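Asks: Below you will find the structure I want to go over with you.
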Amino acid sequence: MKKKVATIFGTRPEIIKMAPVIPLFDTAFTHILIYTDQHYSPELSDVFFEELGVRKPDYSLDVHSSDIGKLVEGITPALAEAKPDAVVVYGDTNSSYAGALASEALFPHIPIAHIEAGLRSFDDRMYEERARFQIDKRSALLLTPSKLAKVLLEYDPRITGRKYFTGNTITDALDHFSRFLPRIEEQGYALMTMHRAENVDDPDYFRQNLDHISTIAKRIVYPVHPRAKANIENEGIVVPPNIEIRPPMDYFTFLAHLKNADLILTDSGGVQEEAVYFGKPCITLRNSTERSETLAIGSNKLFDARLHKVGNGALKEAIEAVEGVVAKNTIEYPYGKPGVGGRITMILEGYLNSR
Ligand code: UDP
């Protein structure tokens, strides 16, 4: 008899990265899909379900909040009704963390499998960093996106589950979806995403970031996340003329823009991975990253606007360095070969059948 697996997810990056895995789980298991809708914006969820062909969840919870308590409260009855043999969560969102907490409280003996385990920025001020660790600690199966992530788990005695390097499911998503990208004529621009609370919630710091970016001698295409947009409007932030604000893009449009861009500027985790997949130079507008593989390759560099005077040359230097690495054309993609979803499914199935 097929084992019953419940997958809990709730945000845009999880829809993208679970898209290749969900159909495989649907075949291998009796699969219950629980979606929290943490971000409650059709631009960040409905569009993605439709475009990526992700099936309707069995439970759509409309929690519409990032509050861990509210998410646990929303997830618990669904999970109690589902009574799974295993719970799967992805990455480091509050929905994933709440899913792990709800599972532990309801069914302490059923295993949690964590996809994208082992990422570390080593900055505990980031709530995602705390969530990653807390999920990893509770997981029986740790499915890592890179070899480095597996090593980081092996060095932490608090993480006791079984560790596997499967690759990152973004590899499967990009391998498949890049076939469907629209053709765009736009060229000669940098693509930017910036919406993390640390970058956009403090208006002075948001301005400082934009001031630095205004020194880049390029047109900057900036699809703006609702959170950043609200801050621009409410705080009367004047966007420099080289930055072109656009509405959030659907996934295929975003990837098409990424593929055509000369440079990527981002504070998103997923976009750093997509940049290395497409061999693009990337500047990460943060003071740490959990995607350290991309720093080691050299095609990605951190830039923290607080540490530099606008126009002191540090940003220019960072851009030249990442462009130099990409120009050599020797990047070794760190996130595994296609077939990641298949490997994850086999490992979970084997583990559940052996219990
Ligand atoms: N993305 C998108 N449209 C946009 C901006 C981003 O489809 O206008 C995608 C992007 O390709 C990446 C994901 O959204 O896969 C990143 O989401 P987010 O920055 O919200 O989360 P993070 O990656 O930081 O967890």
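The values are calculated or read from the model by the stated rules, or taken from the named source; none is laboratory data. Given the structure is predicted, the values throughout are model-derived calculations rather than measurements. Quick reminder, even Gly has a Cβ in these numbers, built from the backbone with ideal geometry, and neighbours come from all protein chains shown. Only protein heavy atoms, including side chains, enter the accessible area calculation; ligands, DNA and RNA are left aside. Shrake-Rupley method; radii C 1.70, N 1.55, O 1.52, S 1.80 Å.
Asks: How long are the three semi-axes of the equivalent ellipsoid for segment 231-355, computed from the Cα gyration tensor as the root of 5 times each eigenvalue, in whole Å, largest first?
Replies: 32, 20, 15
Asks: Keeping all protein chains in the complex and leaving out DNA, RNA and ligands, what accessible area do you get for Arg55 with a 1.4 Å probe, in Å² to the nearest 10?
Replies: 70
Asks: As an exercise, find the ratio Rg/Rh for segment 102-172 from alpha-carbon atoms, using the Kirkwood inverse-distance average for Rh.
Replies: My calculation puts Rg/Rh at 0.97.
Asks: Using the alpha-carbon atoms, what tilt in degrees (0 to 90, nearest 10) does helix 340-353 show relative to the longest principal axis of the chain?
Replies: Taking Cα atoms only, the helix is inclined about 20 degrees.
Asks: Could you provide, to the nearest whole Å², the per residue accessible area of segment 305-355 with probe 1.4 Å?
Replies: 62
Asks: Still on this structure, I have one more. Ordering Leu174, Leu307 by accessible area with a probe of 1.4 Å, largest first, what comes out?
Replies: I get Leu307, Leu174, largest accessible area first.
Asks: Let me ask something additional. Please enumerate, by chain and number, the aspartates and glutamates with C-alpha under 16 Å from the C-alpha of Lys4, excluding those fewer than 8 residues away in the same chain.
Replies: Partners found: Asp26, Asp58, Glu81, Asp85, Glu349.
Asks: Taking a probe of 1.4 Å, how large is the accessible area per residue of segment 144-270, in Å²?
Replies: With the other protein chains kept in place, segment 144-270 gives 44 Å² per residue.
Asks: Once the Cα gyration tensor of segment 1-129 is diagonalised, what are the square roots of 5 times its eigenvalues, in whole Å and ordered largest first, as equivalent ellipsoid semi-axes?
Replies: Taking √(5λ) for each eigenvalue gives 20, 18, 15 Å, largest first.
Asks: Considering Cα pairs under 8 angstrom that are at least six residues apart, work out the relative contact order of segment 113-222 and quote it in whole percent.
Replies: Relative contact order of segment 113-222: 21 percent.
Asks: At 1.4 Å probe size, with no ligands or nucleic acids counted, give the accessible surface of His257 in Å², nearest ten.
Replies: Counting only protein heavy atoms, His257 exposes about 10 Å² to solvent.
Asks: Follow-up question, since we're still on this one. Under a cut-off of 27 Å between alpha-carbon atoms, report the lysines in cross-link reach of Lys309, not counting same-chain residues fewer than 8 places apart.
Replies: Lys218, Lys229, Lys280, Lys301
Asks: Given 25 °C and 0.890 mPa s, how large is the Stokes-Einstein diffusion coefficient of the chain in µm²/s, with Rh as the Kirkwood radius over Cα pairs?
Replies: My calculation gives 118 µm²/s for D.
Asks: Still on this structure: So for the chain, taking the charge dipole from beta-carbon charges (+1 Lys/Arg, -1 Asp/Glu), which of Ile213, Gly342, Ala230 sits furthest toward the positive end?
Replies: Gly342
Asks: Now for a different question. Using R₀ = 45 Å, calculate the FRET efficiency as 1/(1 + (r/R₀)^6) where r is the Cβ-Cβ separation of Glu235 and Thr27; round to 0.05.
Replies: Working from the Cβ atoms, E equals 0.40.
Asks: So, one more: Report the relative contact order of the chain, percent, no decimals, based on alpha-carbon pairs under 8 angstrom and at least 6 residues apart.
Replies: The value is 16 percent.
Asks: For the chain, which whole-number percentage of the solvent-accessible area (1.4 Å probe, protein heavy atoms only) is attributable to carbon and sulfur atoms?
Replies: 52
Asks: With every protein chain present, what accessible area does Ser288 have (1.4 Å probe, heavy atoms only), rounded to the nearest 10 Å²?
Replies: Looks like 20 Å² after rounding.
Asks: Of Ser45, Val89, Ser146, whose Cα points farthest to the positive end of the dipole of segment 1-160 (charges on the beta-carbon: +1 Lys, Arg; -1 Asp, Glu; origin at the Cα centre)?
Replies: Towards the positive end, the residue furthest out is Ser146.
Asks: Next question. Which value, in debye to the nearest 20, describes the size of the charge dipole of the chain about its Cα centre when Lys and Arg Cβ atoms bear +1, Asp and Glu Cβ atoms bear -1, and nothing else is charged?
Replies: 960
Asks: Moving on. Using 0.36 nm times the number of residues separating Glu185 and Ala314, minus their current alpha carbon distance, what extension gain do you get?
Replies: Separation in residues times 0.36 nm, less the Cα-Cα distance, equals 43.3 nm.
Asks: Taking the alpha-carbon centroid of each part, what is the distance from segment 286-310 to segment 1-47 in angstrom?
Replies: Result: 31 Å between the Cα centres.
Asks: Calculated FRET efficiency, Asp204 and Val151, Cβ-Cβ r, R0 51 Å, to nearest 0.05?
Replies: Result of the calculation: an efficiency of 0.85.
Asks: Compare Glu274, Glu323 by solvent-accessible area with a 1.4 Å probe and give them largest first, with all protein chains kept in place.
Replies: Ranking Glu274, Glu323 by accessible area, largest first, yields Glu323, Glu274.
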